[in-house]
Every structure is written in structure tokens, then in C-alpha cells.
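Presented below is the structure to which this report refers.
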Amino acid sequence: MRRHRRLKFEHEPQGLILNSLVDIALSLVIGFIVTIPLFFESGIFVNTPGVAKAGASDVSDIKVNIHLLDDGSILLNEEIVSYERLAELLPELLARSVARKVIVSTDANVRYEQVVTVLDLAKQKGAGQLALLRSKR
Amino acid sequence: MKRMANIDILPMACVGLILVLVMMVIAPMVMTHTQTHVDVPMAHTAETKTEENLTITYTNEGRLLVNDMEILPSELGQVIAAELEKDPFQLVIVRADKDVLHNDVLEILASVKQVGAKRIACATKKPKGD
């Protein structure tokens, strides 16, 4: 009789094991934190100075003018450069610039994505201010 | 022998799990301010923070929407000016499809700037694996 009672006590349920549930919940939270930047849109601040200003600026500073052509070529301060070369030259130019301003202008049929790619590159390479130039029509 | 009473945390864990799932579903809807799908360009730079903003959406089909309300391009300045009257320092986000012409986006940016927007940003999305 005594033995029977002890066995009954040993088989009594010990409660639910929550470890796996907590693990899944924690994994979901971590997954949520990691993937949230992919769901949300972010942005790049831009400045639009309006029409192209004629004449030289009063302040002498290293200029970083990027012009995108319709055929996909990139002009950096009037010289044709590849995207890779632009990535190399931008930090050097920006390091010598006080304002660290990058001015981007385009031909008429350039896709928006190309411009954003260049703006993004400029920001990554240390541009302080981005300006999109709109030519006078 | 008196047994110790355990706190049953199963319901709490379940509620927590459901809350996480609900947050995962609702958060993108609440925080993007617009339901119009636009394939914005990818960029590694993320300067804008989550804040109250005025969203201008320009789709690949040429539709123009301000906070999900479709407008004509000629009305853009007027609509933005009315919104900026409430808060001149409000962030204006231009969500343009990556395949549109940059000149069209420039026209939008110029109109926004003309009516006095102080802070303008171009919407981008972080590339996967970034």
C-alpha cells in the first residue's frame, strides 16, 4: 500500500515545460527586431537649390559636382568616371572640402534610381549636404 | 508535506506571443503613413527617423498622392502649402518609384521647396542583408 502511494506521487504532472514556448517567443522578437528595418522605408535628406545659379561662388571650396548622363555615364567635376572610380574619388574630394556639399545634376532622361544610388554613395563617403540641381528650362 | 504553489505563467506567455505577432502585423501599416505600394530605390543610408511626416507618393503610372489622397500635379503646391501651414518644419518625404524619371521627381521637389518646405527627404529602402 505504501509503495503504491509513492508511485502515484512520482507520476503526478510536474507542470508544463515552457522553455520551448519562451524560446520561440524570444526568437520571434529577435526576428522582428532584425527584419523591421527591411519593412520600413527610410530616407535621404536632400536640398533643392532650384535653378542652376550662374557665376562663381564667393567662397573658394573644393567642389563636388556630379552629373549623370542619359547613357549612364557619370561626370565628376566635368570628367567621366566609372562608378567604382567615383567611390574612390569622393572621399578624397570631400575630405578637402569645407562644406562637404555634393551637387547632383542629371540629363533629361535619367532614372530616379540612378540618382538615389549616387546620393547614397555620396552620403556613405562622407557628404554633409546633398543638393539636386534643376537646370533652367 | 505541503506543496509549494506555482504561478501559472502560460497565459502570460501566450498573451505576450500574441502581442508580438499583432505588433509585427500592425507596425508597418501604422508607421508608413501610406498604403500605396511604390517600389522605392534601395539605399544603405538611413537618415530619417520615424516622425510625423507628409508623404508624397509618385507611382510608376504617374499618379501623385499626398498622404494617400490622389491629387493632380497642378494642385500639389496648394495642398502642400495647406499642410505646411500647420507645421512649417514638418518633414516632407517624397516616395517615388525607382523607375520614374528623375526630372519628374525634381519637379515635385521644386514645388515642395517653393511652398516653403524646410525638410525634404527621398524615401529609400534598405537592401536585404544590410
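For the stretch B:27-43, the candidate set comprises residues that are open to solvent by 80 Å² or more (accessible area, probe 1.4 Å) and at pLDDT 75 or above; within that set, the residue that is farthest from B:D97 (Cα to Cα) is B:M42. In summary, B:D99 fulfils each of the numbered conditions (1) in contact with a helix residue (DSSP H, G or I) (Cβ under 8 Å, 6 or more places away or on another chain); (2) surrounded by 16 or more Cβ atoms within 10 Å (Cβ to Cβ) with the single exception of condition (2). Could you grab me the full set of residues in the stretch A:61-90 that are outside any helix (DSSP H, G or I) and among the hydroxyl-bearing types (S, T, Y)? Listed by number, the residues that qualify are A:S73, A:S82. Of all the listed residues (A:L93, A:L26, A:L21, A:L7), the sole one being out of contact with any helix residue (DSSP H, G or I) (no Cβ under 7 Å at 6 or more places or on another chain), open to solvent by less than 70 Å² (accessible area, probe 1.4 Å) and either modelled with pLDDT under 80 or part of a helix (DSSP H, G or I) (or both) is A:L93.
Scan the stretch B:71-87 and tell me whether some residue there is open to solvent by 10 Å² or more (accessible area, probe 1.4 Å) and part of a strand (DSSP E or B). Checking the stretch B:71-87: at least one residue is open to solvent by 10 Å² or more (accessible area, probe 1.4 Å) and part of a strand (DSSP E or B). It is to be established whether one or more residues within the stretch A:71-86 are at the interface with chain B (Cβ under 10 Å from one of its Cβ atoms), open to solvent by less than 50 Å² (accessible area, probe 1.4 Å) and at pLDDT below 90. No, the stretch A:71-86 contains no residue that is at the interface with chain B (Cβ under 10 Å from one of its Cβ atoms), open to solvent by less than 50 Å² (accessible area, probe 1.4 Å) and at pLDDT below 90.
The values are calculated or read from the model by the stated rules, or taken from the named source; none is laboratory data. All of these numbers come straight from a predicted model, not from anything done at the bench. So basically every Cβ, Gly included, is an ideal-geometry build from the backbone, and we count neighbours across all protein chains shown. Each accessible area value is taken on the protein alone, full model and side chains, heavy atoms only, with ligands, DNA and RNA left out. Shrake-Rupley method; radii C 1.70, N 1.55, O 1.52, S 1.80 Å.
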